[in-house]
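Report on one structure; see the data block that follows.
Each reported figure results from applying straightforward, stated rules to the coordinates on display, with no laboratory input. Nothing here was measured: the structure is a model prediction, and the numbers come from that model. Cβ placement follows ideal geometry from the backbone for every residue including glycine, while neighbour counts extend to all protein chains displayed.
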Amino acid sequence: AASAEDDLVLLERRDSGVAVLTLNRPKALNALSDGLMRALAEKLRQVDADSSLKAAVITGTGKAFAAGADIKEMHSREGYSDVRGENMLAHWNSVSNTRKPIVAAVGGFALGGGCELAMACDIIIASEDAKFGQPEIKLGTIPGVGGTQRLIRAVGKSKAMEWILTGEMISAQEAERAGLVSRVVPAGTVLEEAVKIAEKIASFSSPVVQLAKECVNAAEETSLAEGIRFERHLFHATWGLDDRREGFQAFSEKRQPTWKHR
Ligand code: CO8
């Protein structure tokens with residue numbers, strides 16, 4: 001049965017194998033309430049479990065991708081025992097735990113938890129009107145769902161420190177120069193551009209795509225030598241897949257491969 005919480009994130013299944021997840025609390029600039037994050041976690045679980053879906057796009061509505069965690073909701077919690085007791089932020093791991101690739105299509109504000117959500121995705125495409133930032137310092141707190149860890153990996157120490165310690169907003173163009181986003185596209189086209197990338201990814205063998213994603217992500221957590229060993233194992237593992245055989249066969253026969261596990 002559909003609940004009100006369900007509507008906080010809309011899931012559209014496209015025939016191309018791409019799921020479009022739309023954050024849908026426009027009146028609050030898609031502030032990421034507990035309910036919204038629970039709905040997002042549930043929809044991502046559905047995407048991972050549905051073999052007809054190969055990749056996902058997460059996008060916002062109107063003026064915002066997401067203007068942060070829900071400040072009013074968080075403010076209602078008093079003290080450490082409240083936030084720890086409720087395990088505030090528990091649903092956030094669902095994004096990085098999703099095995100299928102996720103493209104963030106960011107238009108408007110991606111602030112605080114919104115910037116952290118975009119960074120938990122695999123690729124960020126920004127509209128030219130996108131604004132990123134970690135403004136928590138202005139509220140007397142600090143990023144709480146990966147911002148301090150993911151931003152430094154994305155843009156290096158000096159920029160990460162400046163952005164986190166000043167709380168200033170970052171334009172799409174600066175985010176692209178710094179390597180936070182992979183490209184900037186004209187306003188109004190960000191969702192379709194992100195979907196195109198997701199469709200390209202969805203056209204390849206799904207298990208192979210997921211192995212590649214897992215490998216790239218391992219680089220953020222391991223030493224180089226360990227990461228290279230991990231990569232070698234997964235590379236060898238592709239020899240166990242029909243699709244690896246088909247890809248090589250198609251090349252030698254000068255034809256397009258037909259993936260079994262699309
Ligand atoms: N939380 C709750 N409500 C919000 C949020 C938010 N993060 N952002 C905007 N809203 C609400 C506003 O209160 C307003 O509601 P109402 O109409 O009822 O007054 C509505 O959305 C529209 O917003 P504005 O009128 O402010 O729109 P403007 O265009 O004037 O301003 C801004 C847009 C600049 C984005 C402004 O809304 C703003 O500064 N928002 C807050 C940005 C921010 O500080 N984000 C960081 C939040 S802290 C955080 O994310 C910590 C993450 C780690 C912990 C995660 C815990 C779950």
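Observations
- Where the Cα pairs of segment 106-262 fall when distances are cut into 5 Å bins, in %: 2, 9, 14, 16, 15, 14, 12, 9, 6, 3, 1, 0, 0
- Förster-model FRET efficiency, 25 Å R0, residue 149 and residue 76, C-beta, rounded to 0.05: 0.40
- Evaluating 6.51 cos²θ - 1.76 cosθ + 1.60 at θ = phi - 60° for every residue in segment 208-215, the Karplus couplings come out as 5, 4, 5, 5, 5, 4, 4, 5 Hz, glycine and proline recorded as x.
- Cross-link reach list, lysines versus residue 63, counting only Cα pairs under 24 Å and skipping chain neighbours closer than eight places: 27, 43, 72, 131, 138, 196
- Rh by Kirkwood over Cα pairs, then Stokes-Einstein D for segment 192-262 at 0.692 mPa s and 37 °C, µm²/s: 243 µm²/s
- Local electrostatic count, residue 113, Cβ distance below 13 Å [Lys/Arg +1, Asp/Glu -1]: -3
- Under 5 Å, built H, 5+ apart or other chain: amide partners of residue 203: none
- A straight chain from residue 262 to residue 232 at 0.36 nm per residue would run longer than the Cα-Cα distance by 8.5 nm.
- Per principal axis, descending, Cα span of segment 161-208 in whole Å: 43, 27, 15
- The Rg/Rh ratio of segment 1-63, with Rg taken over Cα atoms and Rh as the Kirkwood radius over Cα pairs, comes to 0.97.
- Segment 42-101: Cα Rg divided by the 2.2 N^0.38 Å rule of thumb: 1.45
- Rounded to the nearest 500, the helix-only mean residue ellipticity at 222 nm of the chain stands at -13000 deg cm²/dmol, with each DSSP H run of n ≥ 4 adding -39,500 (n - 2.57).
- Principal semi-axes in Å for the chain [√(5λ), Cα gyration tensor, largest first]: 32, 21, 19
- For segment 25-163, the spread of Cα coordinates along the three principal axes comes to 44, 35, 30 Å, biggest extent given first.
- Cβ-based net charge around residue 188, under 11 Å, with every Lys or Arg adding one and every Asp or Glu removing one: -4
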